[in-house]
Amino acid sequence: MAQATLNGHLVDDGGQPCTGWFEWGTSTRYGNETPPQGNIAIGITFSTTIYNLAEGVLYHYRAVARNSTDISYGNDQVFTIPVGSTIPIMLDDAALYQFLEVS
Amino acid sequence: MTGAGTALDPYVIWDVNDLQDMANGAPYAAGAYYELGCDIDATPTAGWNWDAIRGVFEGFLPRSLSGQLDGNRHNIDGLYINRESAGGQYLGLISSITVFGVNRVQNVRLTNINYYGRGNGEQSFVQIGGVVGYIDRGTIYRCYVRSGSIVARNDRWGFPGTTAANAGGILGGFGDGGRMEQCYSNVSVEATHSATSHSQAGGLVAIIWQRGDILNCFARGPVMSWSRTGGAVGLIWDVQGTVTNVYSTGTVLGGIAGGLIGARELGGVAPVNSFWDMESSGIAISDGGTGLTTLQAKTQATYTAAGWNFVTVWTLDWEYVYWNDGYPFFLDDPMPTITVISPNGGEVWLVDSTYNILWTHTGDAGTHVQIDLFLAGILDELIVASTIIGAAVGNYSWHIDPGKMPSQQYRVRITSTSLPHYSDMSDNDFTIAGKPSSIPVVATLPATGVG
């Protein structure tokens, strides 16, 4: 089975410690969450690897961050792992740094 | 007046009455040291000493000086003199410096002077200067007569220099010595005499009678007399006067007129390294000196080639060609500057918040400034059209609009409203940011994967 490393970027922590994770799935309803990572830092990419993915299937994911008062969702991203790939590849480079502020 | 009149504790002149007291002498000793403690409003002199016969106020009554007057770069504004005599009279802020003593006048600035003197007797003469009427010894140093007019008239026959009408922007005349250094005038000067050959007028001095040295001076005002008339010196008489590193630009009208020097007689020595602007003066001849085009007269190389000191004495507004109209001026009297202190780059200011925009200024940069905001080099907002320039540090409290677009590329520019050439912009960009909230912001980045 295939695997993928999801990346997120904290733009603003709202002045408080933040926790970050990812939601992912085969639609924008996602359905899966990665384990939260504590104390993610502004300007530093945080990442999580997910496993047991099917080759040739379209997956959606988005970054999530929260502090003690609110939660923020990154923009939706998609990737498909090509059948038979054996080295890590950039799955989608179409939407670098689409910052999103959630109110 | 305070002080003791000594070099270490001079009498301090605080107002125009003190100024007249200095001129009156008593109770202040001859040979005393005086200084200005502040700018002096001398406009009340226009209402002093009513002359019922002539139906005019005679104004300030100048007297001789044998000590020192240090203006401390303060300004005397509106000094008024209107005097008539059947004998001789020397008129100016100081009438004459003729007896042995310290004999020094320095760092005095005068604006809006209004001097008139008339001789009406058989032995009458009148000699008027913006600072001193007549000098035999001593020094006039760094005195600037910035604006106003000087008029000398004489209705009796006489000889030049003794029974004449002489008027000069700084000095009426040198007698047997004295020195003028780093002075300038920008006043209108006029001298007329019923015997046309006996009036002299010069932008700096009417006459160098026997000796007298002028070094590093300039004159900008118009000069007129019926006889010897020069943009800087009306008449150089005898062989011991020197004129060095002097220029003039004012219009010259006279019976014997010269752009820089009206006439040299009895062996009067030619000026050295000195110039006049032939275009602005309207005259292409001079009894000494070198005529320049206006462009040449506003070019530093013209003067440095002649050995003028542009390191410690002279400077020139080459950038704007504005201050002193682009002609050389003194480093001691620099052009105005405005300098932005804050925001000057690197600051992070938040919308819907209030900050102090700060600046400093030097010189006479006007009374008010305009403040503009630039975004990425393009005018973005007029912050305020006019706010007071302030004292040592100017301050404008600016509330940033809540809807201001956040950016890291803002700068402010502060400009004198009356002298718009004098402005300054933040040296580097500063940031206007949205107010921080408690809401985190996160972005999703591309993933990497492997089959």
Please work out the Cα center distance from segment B:33-75 to segment A:7-29, rounded to the nearest Å. 80 Å
If exposed means chymotrypsin sites (Phe, Trp or Tyr not before Pro) lying in a DSSP loop and surrounded by at most 12 other beta carbons within 10 Å, then the longest stretch of chain B lacking such sites spans residues B:101-317
Hydrodynamic calc, segment B:310-425: Kirkwood Rh from Cα pairs, then Stokes-Einstein at 37 °C with viscosity 0.692 mPa s, so D in µm² s⁻¹ is 215 µm²/s
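Please grab the % of Cα pairs in chain B that end up more than 41 Å from each other.
In whole percent, the long-distance tail amounts to 30.
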Taking Rh as the Kirkwood radius computed over alpha-carbon pairs of segment B:229-290 and applying Stokes-Einstein at 10 °C with viscosity 1.306 mPa s, one gets a diffusion coefficient in µm² s⁻¹ of 146 µm²/s
Residue A:71: accessible area at probe 1.4 Å, nearest 10 Å²? 40 Å²
Taking N as the residue count of segment B:182-252, its alpha carbon Rg divided by 2.2 N^0.38 Å gives 1.03
Could you check the spin-label model distance between residue B:386 and residue B:239? Points 7 Å from the Cα along Cα→Cβ, value in nm. 6.2 nm
In whole Å, largest first, the alpha carbons of the protein assembly as shown cover along the principal axes 124, 48, 40
Taking Cα centroids, how far is segment B:322-351 from segment B:394-411 in Å? 21 Å
Shielding by partners - mean other protein chain Cβ count within 10 Å, residues of A:48-60: 1
Put B:319, B:181, A:55 in order of accessible area, largest first, probe 1.4 Å, and you get B:319, A:55, B:181
What are the residues whose amide H is under 5 Å from the amide H of residue B:290, where those residues sit 5 or more places off or on another chain and H is modelled from the backbone? B:274, B:275, B:276
Subtracting the Cα-Cα distance of residue B:405 and residue B:85 from 0.36 nm times their residue separation yields 107.9 nm
Would you list the P(r) distribution for segment B:295-347, with all Cα-Cα distances sorted into 5 Å bins from 0 and each bin expressed as a whole %? 4, 19, 24, 19, 11, 8, 7, 6, 2, 0
Residue-by-residue Karplus 3J(HN,Hα) for segment B:215-223, coefficients 6.51, -1.76, 1.60, Hz, glycine and proline x: 9, 6, 9, 8, 9, 10, x, x, 10
Quick one: go through segment B:384-400 and flag any residue whose amide nitrogen is under 14 Å from the point 7 Å out along the Cα-to-Cβ line of residue B:341. B:389-397
Using a 1.4 Å probe on the protein heavy atoms only, what accessible surface does residue B:213 show? Give it in Å² to the nearest 10. 50 Å²
Only Cα pairs under 8 Å and at least 6 apart count here; give the relative contact order of chain B as a rounded whole percent. 7 percent
Using a 1.4 angstrom probe, figure out how much accessible area segment B:1-57 has per residue, in square angstrom, rounded to the nearest whole. 51 Å²
Measure of size requested: the Rg and Dmax of segment B:52-207, with Cα atoms as the atom set and Å as the unit; please supply both. 14.0, 41
Run through all the Cα pairs of segment B:1-63 and give the fraction in each 5 Å bin from 0, expressed as whole percent. 4, 18, 24, 21, 15, 9, 6, 2, 1
How many angstrom lie between the C-alpha centres of segment B:219-239 and segment B:244-274? 6 Å
Quick one: compute the contact order of segment B:306-405, relative version, from alpha carbon pairs under 8 angstrom and 6+ residues apart, as a percent. 24 percent
Please compute the length gained on full extension between residue B:431 and residue B:351, using 0.36 nm multiplied by the number of residues separating them and subtracting their Cα-Cα distance. 27.8 nm
From phi via Karplus (6.51, -1.76, 1.60), per-residue ³J(HN,Hα) for segment B:335-341 in Hz, x at Gly/Pro: 6, x, 9, 10, 10, 6, 9
Expressed as a whole-number percentage, the relative contact order of segment B:369-427 with C-alpha contacts under 8 angstrom and at least six residues apart is 38 percent
Using amide H atoms built in the peptide plane, which far-off residues or other-chain residues are under 5 Å from residue B:166 H to H? B:126, B:127, B:128, B:200
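Nearest 5 is fine: what % of DSSP beta bridges in chain B come out antiparallel, could you say?
25 percent
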The answer for residue B:13, listing residues at least 5 apart or on another chain whose modeled amide H is closer than 5 Å to its amide H, is B:35, B:36, B:37
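The values are calculated or read from the model by the stated rules, or taken from the named source; none is laboratory data. Predicted model, so just to flag it, every value in this text is computed and none were measured. Positions of Cβ are backbone-derived with ideal geometry, glycine not excepted, and every protein chain shown enters the neighbour counts. Protein only, heavy atoms only, side chains kept; ligands, DNA and RNA dropped before computing areas. Shrake-Rupley method; radii C 1.70, N 1.55, O 1.52, S 1.80 Å.
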